[in-house]
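Read through the structure below, which is laid out as structure tokens, and then see the notes.
The values are calculated or read from the model by the stated rules, or taken from the named source; none is laboratory data. All values derive from a computational prediction rather than experimental measurement. With ideal geometry, Cβ positions are generated from the backbone for all residues, glycine too; neighbour counts draw on all protein chains shown.
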Amino acid sequence: MLNRQSSIENPHWETRPREECGIFAVYGHGEAAKLTYFGLYALQHRGQESAGIVVSDGQRVVEHKAMGLVPDIFKEEVLDRLRGHMALGHVRYSTTGSSLLVNAQPFRIRHAGKTLAIAHNGNLVNARQIRAGLENQGSIFQTTSDSEVVLHLAAKAMRKGLEEAMVQAMGQVKGAYSMVIMTEDSLIALRDPHGFRPLCLGRLNSGYVITSETCALDLVEATYIREVEPGEILIINREGIKSIRPEDPSRKAQCIFELIYFARPDSNVFGQNVYLFRKRQGELLSEAFPVEADLVMPFPDSGNYAAIGYAQASGLPLEMGVIRNHYVGRTFIQPSQGMRDFGVKVKLNPVKEVLKDRRVLVIEDSIIRGTTARTRIKTLRKVGAREIHMLVSCPPHRFPCYYGIDFSTRGELIAAQKTVEEICDFIGLNSLGYLGIDKLVQATDIPRESLCLACFDGKYPIPIDASFHKLCLEAQ
Ligand code: SF4
């Protein structure tokens with residue numbers, strides 16, 4: 001924990017780490033498209049650039065996808081057109097491939113009279129090499145997304161049967177992938193052998209649901225059965241449900257950042273309740289950093305649950321020192337240079353009467369570039385907060401992610417460039433502390449060796465070659 005007072009100048013705009021993608025699929029329900037619409041609504045936090053639903057009645061496959069948010073894309077008349085007992089839906093934020101409608105998922109191709117559609121969450125680290133090889137053999141790609149290579153690999157092997165095609169596709173791709181593939185009559189869920197991204201299976205009457213997070217099961221009143229296991233292929237069709245595990249189990253590398261930031265707090269991912277994990281982070285922060293303050297507060301919603309944990313463990317009062325405007329959309333007109341603070345306050349407005357002359361402890365879930373935190377702290381100073389301390393419920397982010405989370409490049413990660421003391425100065429805090437990596441792991445119910453912690457410790461579970469690193473830089 002560092003104590004420091006400094007001036008603040010030149011606030012910048014910063015994006016928070018971006019959500020990646022969300023998947024929701026239904027098998028065996030007469031209103032599969034409508035259920036998928038609700039499922040995607042529950043997963044909207046995982047991607048806000050585009051959304052799509054593909055349905056099948058066993059013979060005919062129909063799709064609708066567009067840029068934008070789920071409620072804007074799927075109107076009643078659109079859903080009425082999407083008839084069938086199977087549906088596959090996706091919400092997207094691009095991590096590779098540009099933000100264009102052509103890259104919106106699910107992707108669908110026709111091959112040898114058969115339809116294959118795919119919805120993917122994650123990043124394939126060898127997609128570029130596979131794509132180059134396929135293009136040399138004459139394959140024509142419709143998109144710039146890494147997910148399309150899986151369809152091509154599966155299509156090439158389809159003459160050996162669906163099961164073998166999936167096994168062959170899985171055997172060739174490397175990286176983070178939780179995905180669902182749909183044919184006219186089957187749903188296939190695949191999760192990479194490390195299990196980076198979540199994917200779970202639920203039951204709905206006599207049918208099945210596959211989704212990224214359990215909050216979507218809750219919404220459609222499906223019953224959670226289990227996670228799709230790392231390295232598992234699940235095939236669901238008229239014959240029932242079949243599990244295949246073509247490869248020996250690898251070291252699990254479940255993304256800790258799903259728990260810290262991405263997943264909804266009402267979800268269980270990797271068998272762990274997200275709300276309770278975040279609250280525990282706050283309790284552990286309180287043990288490590290007993291800050292002398294008059295109140296503890298989050299910037300909603302990012303630090304909410306860790307702030308609750310800190311307040312309960314420390315006895316400090318929890319206050320909502322800033323109020324979030326829930327009606328601000330994803331984008332709004334950027335103010336001119338002289339009106340920068342308007343842009344911050346349109347989303348979060350400090351409550352002067354709560355903060356003036358008080359010693360404030362802010363709990364945050366992460367600091368990526370530091371510019372958002374700096375701008376926010378400036379607004380607290382303006383309303384007269386006497387001292388501002390900050391605790392972050394994870395360690396400093398020093399390394400980029402290659403497995404589907406859009407952090408900045410290493411050069412833009414403030415903790416890769418500055419010491420904690422310098423970050424404290426840059427943001428304009430009286431003190432700053434981070435939860436240590438051991439405590440972070442302690443906040444989970446998951447063994448350390450089953451987690452990916454690479455953005456904190458640089459130990460990448462799948463080696464990254466230089467060409468993929470370059471691809472990621474180009475995509476950002
Ligand atoms: Fe998650 Fe970080 Fe690993 Fe990426 S590097 S998968 S964000 S833990």
For this session: Could you grab me the full set of residues in the range 437-471 that are closer than 30 Å to residue 377 by Cβ, part of a helix (DSSP H, G or I) and either away from the ligand (no atom under 12 Å from the Cβ) or modelled with pLDDT under 80 (or both)?
Result: 438, 439, 442
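Scan the range 195-216 and tell me whether some residue there is within 16 Å of the ligand (Cβ to nearest atom), of a type in the set (Lys, Arg) and within 14 Å of the chain's Cα centre (by Cα).
Here is the first cut: in the range 195-216, the ones within 16 Å of the ligand (Cβ to nearest atom) are 195-199, 212-213.
Still in the running and of a type in the set (Lys, Arg): 197.
Next, only the ones that are within 14 Å of the chain's Cα centre (by Cα) stay: 197.
Scanning the range 195-216, I find at least one residue that is within 16 Å of the ligand (Cβ to nearest atom), of a type in the set (Lys, Arg) and within 14 Å of the chain's Cα centre (by Cα), so the answer is yes.
Yes/no per residue for (1) part of a helix (DSSP H, G or I); (2) modelled with pLDDT under 95; (3) touching a Cys at 6+ places or on another chain (Cβ under 8 Å):
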{"residue": "52", "(1), (2), (3)": "no, no, no"}
{"residue": "58", "(1), (2), (3)": "no, yes, no"}
{"residue": "64", "(1), (2), (3)": "no, no, no"}
{"residue": "87", "(1), (2), (3)": "no, no, no"}
{"residue": "94", "(1), (2), (3)": "no, yes, no"}
{"residue": "98", "(1), (2), (3)": "no, yes, no"}
{"residue": "102", "(1), (2), (3)": "yes, yes, no"}
Exercise. Does any residue of the range 303-314 turn out to be in contact with an Asp or Glu (Cβ under 9 Å, 6 or more places away or on another chain), within 16 Å of the ligand (Cβ to nearest atom), among the small types (Gly, Ala, Ser) and assigned to a loop (DSSP other than H, G, I, E, B)?
Worked result: no
For this session: Out of the residues in the range 101-149 that are in contact with a strand residue (DSSP E or B) (Cβ under 6 Å, 6 or more places away or on another chain) and of a type in the set (S, T, N, Q), state the one that is farthest from residue 401 (Cα to Cα).
Result: 115
For this session: Out of the residues in the range 46-77 that are touching a Lys or Arg at 6+ places or on another chain (Cβ under 9 Å) and of a type in the set (S, T, N, Q), state the one that is surrounded by the most Cβ atoms within 10 Å (Cβ to Cβ).
Result: 50
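Do we have any residue at all in the range 424-436 that's surrounded by fewer than 16 Cβ atoms within 10 Å (Cβ to Cβ) and either within 12 Å of the ligand (Cβ to nearest atom) or not polar (S, T, N, Q) (or both)? Talk me through it step by step, then tell me what you get.
We begin by selecting, within the range 424-436, every residue surrounded by fewer than 16 Cβ atoms within 10 Å (Cβ to Cβ); these are 436.
Right, trim to either within 12 Å of the ligand (Cβ to nearest atom) or not polar (S, T, N, Q) (or both) and you get 436.
Yes, there is a match, as at least one residue in the range 424-436 is surrounded by fewer than 16 Cβ atoms within 10 Å (Cβ to Cβ) and either within 12 Å of the ligand (Cβ to nearest atom) or not polar (S, T, N, Q) (or both).
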Exercise. Can you tell which of 242, 252 is within 16 Å of the ligand (Cβ to nearest atom) and not in a helix (DSSP H, G or I)?
Worked result: 252
For this session: Among the candidates 291, 296, 328, single out the residue that is buried (at least 21 other Cβ atoms within 10 Å of the Cβ), in a loop (DSSP other than H, G, I, E, B) and more than 16 Å from the ligand (Cβ to nearest atom).
Result: 291
